[in-house]
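Read-outs: derived from the displayed coordinates by stated rules, not from any lab. This structure is a prediction, so every number in the text was calculated from the model and none was measured. Glycine also receives a Cβ, built like all others from the backbone with ideal geometry; neighbour counts cover every protein chain displayed.
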Amino acid sequence: MMTDCMLIGALFLAAVWVLDPLRVGLDRLILVKHLPLLALTGTLVLVVIGRVLFPRRNTPAAPLREAAGALWPFILFGCAVLLGSLYGRFAGGVENSFLNMGLFMMVAPVLAWLILTSTQPARLARGFFIALGCVAAGDGLLQWAHFAGDTFFHGTEFAVIPMAAYCWFAFKPGFLRLAGTAFFLSLAPAEHKNTGFLLAIVVVAYCGYWSLRARYRAARDGMARERQIGWAVFMAGGLMLVGLSFYALRKVLLPDGNPQYRLHTYEKALDKFHASPLFGNWFTGPATERFELFQVSMSTSNVLPTHSDPLDILANGGLLYALVFLYGIWRVLRLTLGALDRAETSAAPECAPALHGCVVIFISGILVYAFNPVLTQPNAALIYWAASGIGVGLALRMRGPATAAAAVETRAGAFAPMAVPVPGARR
């Protein structure tokens, strides 16, 4: 229990560092920016020692093998990036290498292993979301105080707006559920960034799909099922209409997204990819480029990242690395969504609300780092891969055989009931 609290504390530190509600710049200060990683590493050492010396009952027989088996593409990718970055740094003198991209990817299998070896995985995952949600809520209040002005979480929207999905699935129908979901969704217009609006649409579509799906399965007659299909069509049409409206009025409603800067950096990344399309430079090159068109106000050196992690992967790792990374994404989505699809009969249905939150963070992160540097930023990458690892661990627990510990946790009320009724789930 103590090590679980220390783990949540380390992840809370990472959330504070990356979201930085007080605008101190903790994630950029050299002396303290890696403090959350050091705290997490120290906690993990204590956890590993404790669980090796005192194995816990009612947990999977081979948790390390299960975690590594689910995430092996990311483990392979991360190790290859680490080797290339270390070579570039020590042999080529590269200062801004891709070391962070490979290093923080290793957090996912470790967190998946921790969830698999925990006797109360739902409680541990809920602690993570409470820690992240508290910081995100503080950031959100400050964002509303600076409506459409200074942005408090640009580039880390995947850690803030998806909290709406967690509120939707973790709380019972009522005021708290509606208030939490509405508040985090409202941060999209408060921030006034393209990625925020995109994530809000994704969250609404995700929650709507699973809610209508549960109601459809619970319907007892054909008329009720047809009604749910009608609601699904209505919701899909509404979301499409909203998206088309934003697109049509994008010059009035949306910021321009600084296309001159982005397109120039994207063009340079694609030129590097065309020069070596199969293997790139094996991630031995720098993770930043000098921007020549004009002076960027937020930079003193004008040496900046590409603002697209997928393009960085293509430019520096070629098709080989990109295919491994895409395969890792596909495996995680197949595992997690498959576990949620069978949540009614799973071994640990109490893990479903937190798993929904992890899946939305994972999907939202893909959309954010497609247009912003996330995987090379220390604490942003830490939060993203921690949520991904927790989600994989929860999915594996739900897929595996039922354990006595899960039953004890359920009877003790260690999780909030799912907001969407699930037939057959223990209440």
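Going by the alpha-carbon gyration tensor, a ≥ b ≥ c the square roots of its eigenvalues, is region 65-121 rounded (a/c under 1.5) or, if a/c is not under 1.5, prolate (a/b greater than b/c) versus oblate?
Numbers: a/c = 4.75, a/b = 2.72, b/c = 1.75.
Prolate is the answer for region 65-121, as a/c is 1.5 or above and a/b outweighs b/c.
Which peptide among 29-37, 333-341 comes first, and what is the full order, when sorted by highest mean count of other Cβ atoms within 10 Å?
For the peptides 29-37, 333-341, the packing ranking is 333-341, 29-37.
Once Lys and Arg get +1 and Asp and Glu get -1 on their Cβ, which of Gly155, Ile115, Leu198 lies farthest toward the positive end of the dipole of region 103-245?
Ile115
Taking H as built 1.01 Å from N, whose amide H comes closer than 5 Å to the amide H of Phe279, not counting residues under 5 places away?
Leu319
Within a Cβ distance under 9 Å of Phe152, other residues only, what is the Lys/Arg minus Asp/Glu net charge?
Every neighbour counted, the sum reads -3.
Can you compute the charge dipole magnitude of region 124-239 about its Cα centre, using +1 on each Lys and Arg Cβ and -1 on each Asp and Glu Cβ, nothing else charged? Give it in debye, rounded to the nearest 20.
Result for region 124-239 is approximately 680 debye, rounded to the nearest 20.
Just subtract the alpha-carbon distance of Ala62 and Leu29 from 0.36 nm times their residue separation and send over the number in nm, one decimal.
The span from Ala62 to Leu29 would gain 7.9 nm if fully extended.
When the Karplus curve 6.51 cos²θ - 1.76 cosθ + 1.60 is applied with θ = phi - 60°, which whole-Hz ³J(HN,Hα) does each residue of region 335-340 get, with x for Gly and Pro?
Values, residue by residue: 5, 5, 5, x, 5, 5 Hz.
Please give the peptides 317-328, 273-284, 77-88 ranked by average Cβ packing (other Cβ atoms within 10 Å per residue), highest first, as a rough proxy for protection.
So the peptides 317-328, 273-284, 77-88, ranked by packing, come out 77-88, 317-328, 273-284.
Could you derive backbone 3J(HN,Hα) for region 81-94 from the dihedral phi with the Karplus parameters 6.51, -1.76 and 1.60 (θ = phi - 60°), listing whole Hz in sequence and x where the residue is Gly or Pro?
Whole-Hz 3J(HN,Hα) from phi for region 81-94: 5, 4, 5, x, 5, 5, 5, x, 6, 8, 9, x, x, 7.
Report, in debye and to the nearest 20, how large the dipole of region 300-372 comes out about its Cα centre when Lys and Arg carry +1 and Asp and Glu carry -1 on their Cβ.
In total the dipole reaches around 120 debye.
Listed highest first by mean packing, meaning other Cβ atoms within 10 Å per residue, what order do 359-369, 165-175 come in?
Working: 359-369: 23.5, 165-175: 20.3.
Those peptides, ordered most packed to least, come out 359-369, 165-175.
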